[in-house]
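Visitor: Dropping the structure in here first, questions after.
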Amino acid sequence: MKMYQKTVLGALMGIAIASGSLAAEDVDVSKLPAAASSEVDFVKEIKPLFEKSCFGCHGAKPRAKSKYFMNKRETTLKGGSSKEAAIIAGKSAASPLVHFIGDLVEELEMPPIDKREKYPQLTKAQIGLVRAWIDQGAKWPSGVELAMPQ
Ligand code: HEC
């Protein structure tokens, strides 16, 4: 094989490997804001954030992005088309959702970087609240469903 062909092939394989995973393994969790130390109230502190910054794309609608539905606890934890759990209750640093809102995974920053005028990025303090909520078991009172903000 000619030299340039090898180089092109090598580059393509490199791309395939790099884009092949949402792998939590290569995420630097030391860059995450620390979890808040307070007891978190889902309805007062987390639900409004998710509704404002996520629900427009991850609502209950069949066309939700990546088939990820954030209206109920079960689906919010379960994740979408990636088939990976989005939230691991009790383990915020291991939860992909936290990596995404903390901008730790390139191309999977949530909300997407180019959409942040409409869907505001979570502040460090807010990410700290989401982490604490997950660490405290991702409690979500039964019967509560997210809805579009008024
Ligand atoms: C403007 C639309 C938009 C908003 C707002 C948005 N997302 Fe996403 N989200 C996407 C898209 C598109 C994907 C699929 C990305 C991909 O796979 O390349 C995605 C994928 C995801 C996934 C992976 C689901 C899976 O298992 O496949 C999670 C988790 C996620 N988003 C969480 C969030 C959270 C949390 C918020 C709010 C802080 C949010 N997103 C806001 C568009 C959005």
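Visitor: Please list 110-118, 44-52 highest first by mean number of surrounding beta-carbon atoms within 10 Å per residue.
Guide: 44-52, 110-118
Visitor: To continue, here is another question. Once you keep just the Cα pairs under 8 angstrom separated by 6 or more residues, what percentage relative contact order results for the range 25-135?
Guide: 35
Visitor: Shifting gears a bit: Residue separation times 0.36 nm, minus the C-alpha to C-alpha distance between ALA125 and GLU107: what's the value?
Guide: 4.2 nm
Visitor: Suppose the chain between LYS44 and SER30 were pulled fully straight at 0.36 nm per residue; how much longer would it get relative to their current alpha carbon spacing?
Guide: 2.3 nm
Visitor: Which of ALA60, PHE42, GLY79 sits closest to the plus end of the dipole of the range 25-135, meaning its Cα is farthest towards the positive end, when Lys and Arg get +1 and Asp and Glu get -1 on the C-beta?
Guide: Among ALA60, PHE42, GLY79, the one farthest towards the positive end of the dipole of the range 25-135 is ALA60.
Visitor: Under 8 Å for C-alpha pairs, at least 6 residues apart: give me the relative contact order for the range 69-112, rounded to a whole percent.
Guide: Across the range 69-112, relative contact order equals 19 percent.
Visitor: Please report, in debye to the nearest 20, how large the charge dipole of the range 29-126 is about its Cα centre when each Lys and Arg carries +1 at its beta carbon and each Asp and Glu carries -1 there.
Guide: Dipole magnitude for the range 29-126 comes out near 380 debye.
Visitor: Is the shape of the range 25-135 rounded, prolate or oblate, going by the alpha carbon gyration tensor and its root eigenvalues a ≥ b ≥ c, with a/c under 1.5 for rounded and a/b larger than b/c for prolate?
Guide: rounded
Visitor: Describe numerically, in nm with one decimal, the distance between label points set 7 Å from Cα along Cα→Cβ at LYS83 and at LYS52.
Guide: In this crude spin-label approximation the distance works out to 3.7 nm.
Visitor: Now a separate question. When ranked by the protection proxy of mean other Cβ atoms within 10 Å per residue, highest first, what sequence do the peptides 132-139, 26-33 form?
Guide: Top to bottom by mean Cβ count within 10 Å: 132-139, 26-33.
Visitor: Shifting gears a bit: Cross-link list LYS65/LYS118; LYS61/LYS124; LYS67/LYS124: which exceed 21 angstrom alpha carbon to alpha carbon?
Guide: LYS61/LYS124; LYS67/LYS124
Every number in this text was worked out from the coordinates using simple rules, so none of it is lab data. Everything numeric here is computed off the predicted structure, so don't read it as measured data. A quick note on method: Cβ atoms are made from the backbone with ideal geometry, for glycine too, and the neighbour counts reach across all protein chains shown.
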